[in-house]
Amino acid sequence: MSELVPRKRIMVVDDQAAHLKALCDILGQHEFDAIGFATGELALAQLRDHRYDLLLTDMIMPGMNGLSLIEAARALDSTIACIIMTGEGTVDTAVKAMKIGAFDYIIKPFKAATLLPVLARALDSRQLRSQNLRLEAALRDRIDELGRVNLFLETARKEAERTSCEKSAFLSNMSHELRTPLNSILGFAQILASDKYPKAEGERQRFCQNIVSSGRHLLQLVNEMLDLSKIESGKVSLMVGAVMLDEVLREVQAIVAPLAEKRLIALAMPADCKLELCVDRMRLKQILVNLLSNAIKYNHVHGSVTVHCSVARGGQGCIAVSDSGIGLNPEQMEAIFLPFGRAGRDESGEEGTGLGLTITKRLVEAMRGSISVESTPGEGSTFRIELPLQGAVASMPGARVPFQHAS
Ligand SMILES: Nc1ncnc2c1ncn2[C@@H]1O[C@H](COP(=O)(O)OP(=O)(O)O)[C@@H](O)[C@H]1O
Ligand SMILES: [Mg+2]
């Protein structure tokens, strides 16, 4: 089956009716669709709504001449092939027409055998120009796409750079944090091992206690760093399921109560918390122990720590740990969730690694929750975590009504 090639559409413009008809007839016989127009204006009106492959126009016509018509036609379709027909006397103007985009000119009178090769060349050139335009458009699309890919890569590069900077900062902080207790252990051990330095029994004991407490601190640092790196590398598999919050709170209370007693801090837990959360039980306990031990540690003697639970506005379970402690200023609040961010407490004598809140935040977020803090220096802080609820709140009609209990 032969493929159907659409006939080329040729617009012929000539004010001499007999010439116009003869031309259209000849072109029709050579497989062209030739449509004739007697004036430039009529031809232009037609070009506005219809597509033609070629414009074959007389030069001198009443009203719009061939030159103006070519200019207007090319403004409408820059790929249209234009050929001007001219008499011997107006060849100069024909050259002008070629300067404004006509493909060729043909001197009247002419025979079909002269015209047809000119038309064929003009149509070939038009096809090349159309292909060129399509290629240019495709190239522009590619360039746009390349721009988008570049932007994406640049964002990824910046993100990788940021992560790498964070990792370097973490490593340099880590080596500093590890070196401090290690130096202390080595220093005291060397003194104890040396026989030049006479030691009283009390002094020996003090040195040994220093070694033990530095060793414990070192162990805690290493454990927490391993925990954090496991969480960050996504190697922690969370056992998420239904967890009754009051059970976990009771277990946490048993762990932190001795710390609170030691500092004479009143610890108020919710008496009747019926929230059922959708979390990892062990990790929730770790989070709450972190928050409560901080609330006790960064508190005054005879201070208080209160835990509230409620349903947050967004429908998540909310646990708020409030204390009457030393509080934090806005600058400190920004630093405390970063690794080793101790908000200048190193000198205060309160022991810590500065990793507890970093781990807490990562865990809360891994369980699809969020953590926030409000604090007033000198008055106290409230750390609030929101975590997904397991279905509706057990035995609570109107689950959105906050219920808080402080005994
Ligand atoms: N309840 C709180 N009140 C005041 N400051 C707090 C409280 N909780 C945490 N912080 C501050 O945040 C810092 C980071 O806490 P954390 O990550 O648990 O590390 P650490 O307790 O080991 O120092 C603490 O050093 C402390 O300065
Ligand atoms: Mg802590």
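Each reported figure results from applying straightforward, stated rules to the coordinates on display, with no laboratory input. Everything numeric here is computed off the predicted structure, so don't read it as measured data. No Cβ is skipped: glycine too gets one built from the backbone with ideal geometry, and neighbour counts run over all protein chains shown.
For Glu350, the shell of other residues with beta-carbons less than 9 Å away shows a net charge of +1, using +1 for Lys and Arg and -1 for Asp and Glu. Secondary structure note: in the chain, about 55% of the DSSP beta bridges are antiparallel. Putting +1 on Lys and Arg Cβ atoms and -1 on Asp and Glu Cβ atoms, find which of Pro6, Gly28, Gln16 reaches farthest to the positive end of the dipole of the stretch 5-47. The one lying farthest along the dipole's positive direction is Pro6.
Our coupling estimate for the stretch 130-141, obtained by passing each phi through the Karplus curve with A = 6.51, B = -1.76, C = 1.60 and θ = phi - 60°, is 5, 4, 4, 5, 4, 5, 4, 5, 5, 5, 4, 4 Hz, Gly and Pro reported as x. Here the stretch 240-387 is treated with +1 on each Lys and Arg Cβ and -1 on each Asp and Glu Cβ, and its dipole about the Cα centre works out to around 300 debye. The trypsin sites (Lys or Arg not before Pro) of the stretch 57-144 that meet both conditions, a loop assignment by DSSP and at most 11 other Cβ atoms within 10 Å of the site Cβ, are Lys111.
Would you tally the net charge around Ala102, using a Cβ to Cβ cut-off of less than 13 Å, leaving Ala102 out, and scoring K and R as +1, D and E as -1? Taking every other residue near Ala102 into account, the sum is +2. Residue separation of Glu88 and Leu182 scaled by 0.36 nm, minus their Cα-Cα distance, works out to 23.4 nm of gained length.
List the residues whose amide H sits under 5 Å from the amide H of Leu389, counting only those 5 or more places along or on another chain, with H placed 1.01 Å from N in the peptide plane. Those lying under 5 Å, H to H, from Leu389 are Cys278, Gly317. With θ taken as phi - 60° and the Karplus curve 6.51 cos²θ - 1.76 cosθ + 1.60 applied, the whole-hertz 3J(HN,Hα) list for the stretch 371-380 is 10, 9, 9, 10, 7, 10, x, x, 10, x Hz, x standing for glycine and proline.
Quick check: the distance between the Cα centres of the stretch 314-342 and the stretch 138-198, to the nearest angstrom? The stretch 314-342 and the stretch 138-198 have Cα centres spaced 24 Å from each other.
If R0 is 45 Å, the Cβ-Cβ spacing of Ile255 and Arg148 corresponds to a FRET efficiency of close to 0.25. So what is the calculated 222 nm ellipticity per residue for the chain, using -39500 (n - 2.57) for each DSSP H run with n of 4 or more, over all residues, to the nearest 500 deg cm²/dmol? Value at 222 nm, helices only, nearest 500: -18000 deg cm²/dmol. Measuring between alpha carbons in the structure, the pairs from Lys285/Lys361; Lys230/Lys285; Lys167/Lys361; Lys274/Lys297; Lys8/Lys111; Lys235/Lys361 lying more than 25 angstrom apart are Lys274/Lys297. Between Ile100 and Glu334, what FRET efficiency follows from the Cβ-Cβ distance if R0 is 56 Å, with the result rounded to 0.05? Here the calculated transfer efficiency is 0.25.
Comparing mean-square fluctuations of Ala242, Ala189, Ala97 from a GNM of the chain with C-alpha springs under 10 Å, the top value falls on Ala97. Each distinct pair of alpha carbons in the stretch 49-152 adds a 1/r term; the inverse of their mean, the Kirkwood radius, is 15.4 Å. Kirkwood-type hydrodynamic radius, the stretch 166-232: 13.5 Å, calculated from all non-identical alpha-carbon pairs. For the stretch 167-244, the set of GluC sites (Glu not before Pro) satisfying both a DSSP loop assignment and a count of at most 16 other C-beta atoms within 10 Å is empty.
For the pair the stretch 224-241 and the stretch 265-302, the centres of their Cα atoms are 21 angstrom apart. Electrostatic tally near Val301: other residues with Cβ closer than 14 Å to its Cβ, Lys and Arg +1, Asp and Glu -1, net 0. Note on Lys199/Asn173: beta-carbon distance plugged into 1/(1 + (r/R0)^6) with R0 of 35 Å gives a FRET efficiency of 0.50.
With the charge dipole of the stretch 179-311 set up from +1 on Lys and Arg Cβ and -1 on Asp and Glu Cβ about the Cα centre, the Cα lying farthest toward the positive end among the listed residues Leu267, Val212, Gly187 is that of Gly187. Counting every other Cβ atom within 10 Å of each residue's Cβ, Ser370, Ser175 order from fewest to most as Ser175, Ser370. Could I have the simple spin-label model distance between Arg121 and Glu166, label points 7 Å from Cα toward Cβ, reported in nm to one decimal? Distance between the two pseudo-spin positions: 6.8 nm. The long axis of helix 66-76 is offset from the longest Cα principal axis of the chain by roughly 20 degrees. Note on Asp25 and Arg140: the extension gain reaches 37.1 nm, defined as 0.36 nm multiplied by sequence separation minus the Cα-Cα distance.
Here is the list for the stretch 309-350: trypsin sites (Lys or Arg not before Pro) lying in DSSP coil, each with at most 12 other C-beta atoms within 10 angstrom of its C-beta, are Arg313.
Name the residue farthest towards the positive end of the dipole of the chain from the options Leu128, Ile106, Ile70, assuming +1 on Cβ of Lys and Arg, -1 on Cβ of Asp and Glu, about the Cα centre. Looking along the dipole axis, the top candidate is Leu128.
For the stretch 8-110, a crude dipole built from +1 on the beta carbon of Lys and Arg and -1 on the beta carbon of Asp and Glu, taken about the Cα centre, is about 180 debye to the nearest 20. A convex hull fitted around the alpha carbon atoms of the chain yields 335 Å³ per residue. In this Cβ point-charge picture (+1 for Lys and Arg, -1 for Asp and Glu), the chain has a dipole of about 740 debye about its Cα centre.
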